[in-house]
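Okay, so here's the structure we're looking at.
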Amino acid sequence: MIKTASSIYLPLQDISRWVADPIGKIVQEAFKNISSKEIIEEIRLRVNQPIAVRTDKKDYFLPIKTLAGNKEQTYIVTKEDLVTSLEKMTFSSIYAAEEKLRQGFLTLPGGHRVGLAGETVVEFGRIKTLKNISALNIRLARQCEVEVSGLLVSLMNKNKNFCHTLLVSPPRAGKTTILRLLIRHLSNGLPQIGLEGQVVGVVDERSEIAGMCQGIPAFDLGCRTDVLDCCPKALGINMLIRTMSPAVVAVDELGGAEDIAAVKDAIRCGVKVLATVHADSLEELKKREHIKELLTNNAFERVVVLSRAYGPGTIEGIYDLNSGINLRPIKKELPFAKSNSCC
Amino acid sequence: MLIVGYLVVILGCGFLGLFKAAQIKKRPKEIREMINALSLLDTEIFWGVTPLPEAFAIIKDRVDSPWKEFFGRLEEKINKGESASKAWITSIAEEQKNASLHAEDWKIIESIGKSLGRADKNEEHKHLELGQKHLTTLYEKTRNQADLKAKMWSYLGFLAGSAIAIVIM
């Protein structure tokens, strides 16, 4: 079932709850003026600059009616606006968000992520905190309903067991959305393809997969899913295996040697792994220092390469690494790419 | 019958005096409750790193009126997006009529809310400690005064009643 962009937005009408009052009013007005065919992806607030809204089609500076260039009427974001917005986003508890400030992002209820830029305070080579915030980037979350049973069939072996799978994609090609959908279906099961529900453990290092806010997930990841929020992947994978007995462990954006070692341990323990990695193609991936070990040793059995060729969610290929065959040689988009309803 | 009437006057005035004495004793009691509440808030912020709405929800269950309602209002306002300092001031304005505190008491309590929510936990801790210190000094002063005044009003009520009864006689 595919929903339209407007119906699957998490509450945009509440945007004024999270930003300074003048900005909230201007943004609300702008949302009414932006075509419903465009998907609003980001709201950016930068000190001494106009408010910027980015859709999948273009960028706007607010208020929109002054786009013709009447600078006197453009609202310029002040430092106090950013401080007030940050105060609202942290429920007036900036002291409680110190760890998040150190990492450079917050998550709002509904899974919206707020990226922060400002002056870093560095101690012993590590970022201690962020102060004098100069920019906020509010990335609006959307939950997509997309048919992925066809994709899942390709990711299962002859015994109807899920294979170790790596999703490969450049930025904004839908890998996190597809990851969420796969997690949910693995957790709930899909009787129509003979997939039984299983316990899935998710290590959500940057709160992007589940969109946790104060312990409440914004996205539905299934009824048998356990989430470790804000935990480094290497530590989280081992912890989940020891404590939650998952059948599948899911992580986003595999990176360094520690992540790879933890994935190898998981595979040795008999746990299936579902992971994503940033890359444009399988060939580029094979050149990556740590990842190529997992590919050459056939630790991963399936690799799904995504792109934005026909919009987010375009499947460039589904590779069976054991046989070397591309199970989906014809480039094909997932249904959501045409509707432009998801990132 | 007359004797009953005189007794009614004496006892009526006596109870009025006792009521006034009870009201006077409320002030130090409420200051003491606020000190306890601030101590809890300090613990939640410094050790628990608990966000303010959650901290206020915990505190409101552990204090009596009028602070129960005060912290309940604070929790609600901050959850709706109001800044902590503004919510503190407006909640004081709304609860003032339900409390027995004087203007100088409210002045100290108002100052506690001024920097709430914008600083790191060490700053919040120092600020709350200072607020508790001021309130403790105020509490000592008002407790002594309140004891004396309450005693005075307790006797005054019955004495006034007796005087009225004598005059009527």
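The numbers here are math on the coordinates, done by the rules we state, and not lab data. Given the structure is predicted, the values throughout are model-derived calculations rather than measurements. All Cβ positions, glycine included, derive from the backbone under ideal geometry; neighbour counts span all protein chains shown.
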For chain A, built as a Gaussian network whose Cα springs stay under 10 Å, the top-fluctuating residue of A:V203, A:V27, A:V153: A:V153
Cα gyration tensor shape for the stretch B:27-152, rounded if a/c is under 1.5, else prolate or oblate: prolate
Chain B, relative contact order [Cα under 8 Å, separation at least 6], %: 43 percent
Hz values of 3J(HN,Hα) by residue in the stretch A:103-116 - Karplus curve (6.51, -1.76, 1.60), Gly and Pro given as x: 7, x, 8, 10, 10, 8, x, x, x, 6, 9, 10, x, 10
Simple Cβ-charge dipole of the stretch B:27-152, Lys/Arg +1 and Asp/Glu -1, about Cα centre, in debye nearest 20: 400 debye
Proxy reagent accessibility, fewest Cβ within 10 Å first, across A:T55, B:T142: A:T55, B:T142
Crossing angle, helix B:84-95 versus chain B [Cα axis fit, 0-90 degrees, rounded to tens]: 10 degrees
Shape call, the stretch B:30-70: gyration tensor on alpha carbons, a/c limit 1.5: oblate
Summed side-chain charge close to A:I138 - residues other than A:I138 whose Cβ falls under 11 Å, Lys, Arg +1, Asp, Glu -1: +2
Charge context of A:K25, other residues only, Cβ under 13 angstrom, K/R +1, D/E -1: -1
Other-chain or far-sequence residues with amide H under 5 Å of A:E41's (modelled H): A:R54, A:T55, A:D56
Within 10 Å of each Cβ in B:82-89, the average number of Cβ atoms from other chains: 2
Spatial separation of Cα centroids for the stretch B:119-150 and the stretch A:140-186, in angstrom: 58 Å
Fluctuation leader among A:R126, A:R224, A:R17 - chain A, Gaussian network, Cα springs under 10 angstrom: A:R126
Distance between the stretch A:92-119 and the stretch B:48-95 - C-alpha centres, whole angstrom: 22 Å
Mean separation of Cα contacts under 8 Å, 6 or more apart, over the residue count of the stretch A:191-318: relative contact order %: 20 percent
Rounded to 5, the percent of DSSP beta bridges in chain A classed as antiparallel: 65 percent
Rounded, prolate or oblate (a/c below 1.5 giving rounded, otherwise prolate when a/b exceeds b/c) for chain A by Cα gyration tensor: prolate
Least to most buried among A:M89, B:M1, A:M212 (fewest other Cβ within 10 Å first): B:M1, A:M212, A:M89
Per-residue HN-Hα couplings for the stretch A:189-199 [Karplus 6.51, -1.76, 1.60; θ = phi - 60°; Hz; x = Gly/Pro]: x, 9, x, 5, 10, x, 9, 8, x, 9, 6
Gaussian network model of chain A, Cα within-10 Å springs - most flexible of A:S323, A:S154, A:S92: A:S323
Of the DSSP H helices in chain A, those whose Cα atoms cover at least 27 Å axially and whose Kyte score averages -0.5 or more: none
For the stretch B:123-140, Karplus couplings with θ = phi - 60° (6.51, -1.76, 1.60), whole Hz, Gly/Pro x: 5, 4, 4, 4, 5, 5, 4, 5, x, 5, 5, 4, 5, 5, 4, 4, 4, 4
Cβ-based net charge around B:G17, under 14 Å, with every Lys or Arg adding one and every Asp or Glu removing one: +4
Partners for A:K131 among aspartates and glutamates (Cα-Cα distance below 20 Å; same-chain residues under 8 apart left out): A:E80, A:D81, A:E87, A:E98, A:E99, A:E119, A:E123, B:D120, B:E123, B:E124
Ranked list, fewest to most other Cβ atoms within 10 Å of each Cβ, for A:E87, A:E119, A:E41: A:E119, A:E41, A:E87
